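Data block below; observations after.
The values are calculated or read from the model by the stated rules, or taken from the named source; none is laboratory data. On a predicted model such as this, the values are computed, not experimentally measured, just so you know. Counting neighbours? That spans all protein chains shown, and the Cβs are built from the backbone with ideal geometry, glycine included.
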Amino acid sequence: MSDEMLAAGAMQLSTAGGVAELRLCSGDSRNALSSAMWTELRRFAKGLAHDHDTRVVLLAGDDTVFSSGADIREFASVRAPGATRAYDDLVESALRALEAVPQPTVACIAGPCVGAGASLACGCDLRIAADDAYFMVPAARLGLGYDSRGIARFVRVFGDSAARGLLLGAQRCEAREAHAQGVVHRLVKPGTVIAEGRRLARAMAGNAPLTVRAAKTALDALARGEDGGSEALRRPSLDADASADYAEGLSAFEKKRKPQFRGR
């Protein structure tokens, strides 16, 4: 396992067994996201494009809080009049870089998942949450304008009705409710979300990476309204069918052993 502290110690990156785990660890601010953290997230996500060793990405805070939102302490400078557009562009570029990661991404959500933290969770493919966690977007209580690109992300994940409750009412959405809506893919007991997330990530890391990447490419394109029958979308799955991993999967099935996929 390798560990690296990022964003002046506000984030920790650990890699082991095909899983890259990025932890928010700015405990003094309850994992509030600073502009430096958004910049680091963007750099990290872009670096995964050609990383064939990483098969799953795990994002987490700790077992009590995912993120209390944006770091409001720096708003007087980074969101001052005239600087808001640049700040919003930074956040959006980081989230789009995360969404473009070819590996599946999993958010482990404990406690508050608020504002920018909720945006971060919505930028992941899967969300696992403690059953006492909650989502909230308190922008209406602060008087700040929420970027329409971020609103589109909430609508895509929560659906129109629930997104209206979050943004117009600044209402809490409990994890149990989010699970019923399909926003949260798995509920776990409080205090276990990181352990359960790691267990899920390790299992996913054993899957065939070419198959997973092909599926994610298609899912993302279909969510954008693209034609599922296009050659560009079919090609990754055809490449997986022609891969050595496919032959390995068939051989392992016939011999009743665990397959060893290599991503080629």
(request) Tell me which residues, restricted to segment 139-168, are surrounded by fewer than 18 Cβ atoms within 10 Å (Cβ to Cβ), at pLDDT 95 or above and either outside any helix (DSSP H, G or I) or in contact with a Leu (Cβ under 8 Å, 6 or more places away or on another chain) (or both). (result) ILE151, GLY159
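Every residue in segment 187-203 that is outside any loop (DSSP other than H, G, I, E, B), farther than 30 Å from TYR246 by Cβ and touching a residue at least 40 places away in the same chain (Cβ under 8 Å), please. Steps first, please.
As a first pass, look at segment 187-203 and keep what is outside any loop (DSSP other than H, G, I, E, B): 187-188, 193-203.
From what's left, farther than 30 Å from TYR246 by Cβ: 187-188, 193-196.
Across segment 187-203, the qualifying residues are LEU187, VAL188, VAL193, ILE194, GLU196.
If I filter segment 44-57 for residues that are under 15 Å from SER119 (Cα atoms) and either touching a residue at least 40 places away in the same chain (Cβ under 8 Å) or under 12 Å from the mean Cα position of the chain (by Cα) (or both), do I get at least one hit?
Step one: filter segment 44-57 for residues under 15 Å from SER119 (Cα atoms), giving none.
Among the residues of segment 44-57, not one is under 15 Å from SER119 (Cα atoms) and either touching a residue at least 40 places away in the same chain (Cβ under 8 Å) or under 12 Å from the mean Cα position of the chain (by Cα) (or both), which makes the answer no.
Can we say ALA195 is over 23 Å from ARG23 (Cα atoms) and not polar (S, T, N, Q)? Walk me through it before giving the result.
Values: over 23 Å from ARG23 (Cα atoms): no; not polar (S, T, N, Q): yes.
Taking the combined requirement at face value, the residue does not satisfy it.
Just to verify a result, which residue in segment 23-49, among those that are aliphatic (A, V, I, L, M) and within 12 Å of LEU98 (Cα to Cα), is surrounded by the fewest Cβ atoms within 10 Å (Cβ to Cβ)?
Here is the first cut: in segment 23-49, the ones aliphatic (A, V, I, L, M) are 24, 32-33, 36-37, 41, 45, 48-49.
From what's left, within 12 Å of LEU98 (Cα to Cα): 41, 45, 48-49.
On the way: LEU41: 26, ALA45: 22, LEU48: 19, ALA49: 11.
Checking each candidate, the answer is ALA49.
Which one is nearest to SER119 (Cα to Cα) among residues in segment 77-98 that are small (Gly, Ala, Ser) and modelled with pLDDT of 95 or more?
To start, the set of residues in segment 77-98 that are small (Gly, Ala, Ser) comprises 77, 80, 82-83, 86, 93-94, 97.
The next check asks that each one be modelled with pLDDT of 95 or more; those that pass are 93-94, 97.
On the way: SER93: 12, ALA94: 11, ALA97: 13 Å.
Here the residue is ALA94.
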(message) Can you pull out every residue in segment 127-138 that is surrounded by fewer than 24 Cβ atoms within 10 Å (Cβ to Cβ) and either outside the structural domain of ALA170 (by TED's automatic domain parsing) or touching a residue at least 60 places away in the same chain (Cβ under 8 Å) (or both)?
(response) PRO138
(message) Quick check on segment 177-186: of everything there that is assigned to a helix (DSSP H, G or I) and among the small types (Gly, Ala, Ser), which residue is surrounded by the most Cβ atoms within 10 Å (Cβ to Cβ)?
(response) ALA178
(message) Taking the conditions exactly as written (in contact (Cβ under 8 Å) with a residue 40 or more places away in the chain and over 15 Å from GLY117 (Cα atoms)), does VAL65 satisfy them or not?
(response) no
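Could you run through segment 204-248 and say how many residues are outside any helix (DSSP H, G or I), polar (S, T, N, Q) and either closer than 21 Å to LEU126 by Cβ or in contact (Cβ under 8 Å) with a residue 40 or more places away in the chain (or both)?
Step one: list which residues in segment 204-248 are outside any helix (DSSP H, G or I), which gives 206-208, 224-230, 242-243.
Among the residues that remain, those that are also polar (S, T, N, Q) are: 207, 230, 243.
Among the residues that remain, those that are also either closer than 21 Å to LEU126 by Cβ or in contact (Cβ under 8 Å) with a residue 40 or more places away in the chain (or both) are: 207.
Counting residues in segment 204-248 that are outside any helix (DSSP H, G or I), polar (S, T, N, Q) and either closer than 21 Å to LEU126 by Cβ or in contact (Cβ under 8 Å) with a residue 40 or more places away in the chain (or both) gives 1.
Run down GLU174, GLU248, GLU226, GLU231 and say which single residue is surrounded by fewer than 18 Cβ atoms within 10 Å (Cβ to Cβ) and touching a Pro at 6+ places or on another chain (Cβ under 6 Å). Spell out how you get there, then give the answer.
Values: GLU174 fails: touching a Pro at 6+ places or on another chain (Cβ under 6 Å); GLU226 fails: touching a Pro at 6+ places or on another chain (Cβ under 6 Å); GLU231 fails: touching a Pro at 6+ places or on another chain (Cβ under 6 Å).
GLU248 is the lone residue from the list that is surrounded by fewer than 18 Cβ atoms within 10 Å (Cβ to Cβ) and touching a Pro at 6+ places or on another chain (Cβ under 6 Å).
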(request) For ASP125, state whether it is modelled with pLDDT of 95 or more, closer than 21 Å to ARG186 by Cα, within 14 Å of the chain's Cα centre (by Cα) and among the charged types (D, E, K, R). (result) yes
(request) Scan segment 227-250 for residues that are under 23 Å from ALA205 (Cα atoms) and small (Gly, Ala, Ser) and jot them down. (result) SER237, ALA240, ALA242, SER243, ALA244, ALA247, GLY249
